[in-house]
Amino acid sequence: MVIVFVLVALLVLGVLAAANRYLWQRLFRDTTRGPGPVRRAGAAVVAGGWVLAVAALVAERAGAPFALQRALAWPGFLWLALSIYLLLAVLAGEAVRPLLHRLAGRRAHRSRPDPTPRPTARPHPAAVPGHPSGTAGPAHAPDRPALTAPAGPPGRRDLPEAAAATAGSTGAAGAAEASGDARAAGAGPEAGPVAVPAAAAPSRRLFVSRAVAGTAAAVAVGTVGYGTYGVLRGPRVKRITVPLARLPRAAHGFRITVVSDIHLGPILGRDFAQRVVDTVNATSPDLIAVVGDLVDGSVKDLGPAAAPLAQLRARHGAYFVTGNHEYFSGAEQWVEQVRRLGLHPLQNARTEMPFFDLAGVNDLQGASEGQGPDFARALDGRDTARACVLLAHQPVQIHESVRHGVDLQLSGHTHGGQLWPGNLLAAAANPTVAGLERYGDTQLYVTRGAGAWGPPTRVGAPSDVTVVQLASLQA
């Protein structure tokens, strides 16, 4: 098992190293003429970004001083998001690179003058000094010296030398272009010297590389910038109606506002928590369900950031279940902290609401501390004629819910993938990534969550607070 883990780790490191070398080559090596400060700066940016990213992850999990966590989190986590979209944009650029080469070549060809030599008028033999008047023909023409190109003024070179000089600065392709430009200008065996600028313009290949790299960088920065703005402005409200067969007519229209994955931590702090609370309260809920991953850090560091949760208001109260990140942050302390803030923790427990049962189970990660989910404890002995709504952080817990006759499970955890194409990975690990789906007689709703983990960025998976309105089939 250890050998397999080591091999997988080496494979992952190898893939990351290859991907980042490719990124450096396309963004810095291929856009410069040769070794120099730009290439060295590029290597420092790529390598330094990953050093900061790894340091941010380690500092968070190791419980480093909170000030250090905050200093590392912004640059480190943003580099994670930026490197993903730089790589995707550069890979997309490979598809258009050949087309750009052809277009650039056609444009250069059209801009060259017509290389066809034009005939020149020759003087009449009588006008040639020393030629007998009225006499023509090669027999009477004076001997002509062999035609040679003049040496030309200092600082100019003949065509072969110019092409060689260009090859020394821009490579074989540059020499070929220089020779072609000279011929297009009318240089031939009788054209004499050709002047070539000392600082030749960038070659076609260099121009295309710069165009692709510049576009890729602009797209990546714009994508990450907009995705970060979407997180920091706070979640948007999403509404969905869920019919339940066992829900009585009197409960028709009951509103449960579901919020998950707030992820208060080194980046998202008290101001963000206040925005989430204001959004939740604005929905005028009958009940609030906080389904895990509230924090990434200790009560000592994040207690003040979580304080706005005390302002949550609902007619039937606010309830909380743990997520996997609570067990990385001191779950027992956080359960007590949310209780002090006025929330009701459901640790493998249930409570009877006026029209249905509300239950909650611990997250799967709690098993590492002997506090894993216990469906039997939460659900056994209840009145099966009543509808049951279960709070469980991870969607994979749906199979246990089906076995215990739950009507509706409310979950989070996936973030909807958070960073496209992360939704593909999330789909491989979860039965439902986002939205409402049915499993037998049980329905599962998964919210994308209010915050973000790692990079404070979302692409293709906007954050949300969801109002689940229950509908009675008896109404």
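The numbers here are math on the coordinates, done by the rules we state, and not lab data. Given the structure is predicted, the values throughout are model-derived calculations rather than measurements. Backbone-built Cβ (ideal geometry, glycine too); neighbour counts: all protein chains shown.
Given bins 5 angstrom wide, list per bin the percent of all Cα-Cα distances in segment 339-467, short to long.
P(r) for segment 339-467, in whole percents per bin: 2, 11, 19, 21, 20, 15, 9, 3, 1.
Would you work out the Kirkwood radius for segment 216-359? I mean one over the mean of 1/r across all pairs of different Cα atoms, in Å.
Working: mean 1/r = 0.0604 Å⁻¹.
In segment 216-359 this quantity evaluates to 16.5 Å.
What ranking do L91, L86 get, fewest neighbouring Cβ atoms within 10 angstrom at the top? Could you put the intermediate results ahead of the total?
On the way: L91 14, L86 25.
Ranked by crowding around the Cβ, least crowded first: L91, L86.
Counting only other residues whose beta carbon sits under 15 Å from that of P285, what net charge do I get with K and R as +1, D and E as -1?
Working: positive: K238, R239, R255, R313, R315; negative: D278, D286, D464.
For residues surrounding P285, the net value is +2.
Calculate the length of the line joining the C-alpha centroid of segment 247-304 to that of segment 1-72, in whole Å.
34 Å
Under the rule a/c < 1.5 gives rounded, and otherwise a/b versus b/c splits prolate from oblate, where does segment 278-395 land using the Cα gyration tensor? If you can, show how the numbers build up before the last one.
Details: a/c = 2.34, a/b = 1.16, b/c = 2.02.
Cα axes put segment 278-395 in the oblate bin.
What is the magnitude of the charge dipole of segment 3-66 about its Cα centre, with +1 placed on the Cβ of each Lys and Arg, -1 on the Cβ of each Asp and Glu, and no other charges, expressed in debye to the nearest 20?
Values: 7 positive and 2 negative charges, 66 e Å.
Value, rounded to 20: 320 debye.
For a test of the definition: using alpha carbon positions, the gyration tensor, and the 1.5 limit on a/c, classify segment 40-110 as rounded, prolate or oblate. Walk me through the intermediate numbers first.
On the way: a/c = 5.27, a/b = 3.58, b/c = 1.47.
Cα axes put segment 40-110 in the prolate bin.
Let me know the shape class of segment 330-395, please: from the alpha-carbon gyration tensor, a ≥ b ≥ c as square roots of the eigenvalues, rounded when a/c is under 1.5, otherwise prolate if a/b is greater than b/c, or oblate.
Numbers: a/c = 2.52, a/b = 1.43, b/c = 1.76.
Taking the square roots of the gyration eigenvalues as a ≥ b ≥ c, segment 330-395 is oblate.
Among V361, V90, which comes first, then next, by fewest other beta-carbon atoms within 10 Å?
V90, V361
Please arrange V46, V396 by counting, for each residue, the other beta carbons lying within 10 Å of its beta carbon, fewest first. Provide the component values of the computation, followed by the final result.
Numbers: V46 19, V396 15.
Result, fewest neighbours first: V396, V46.
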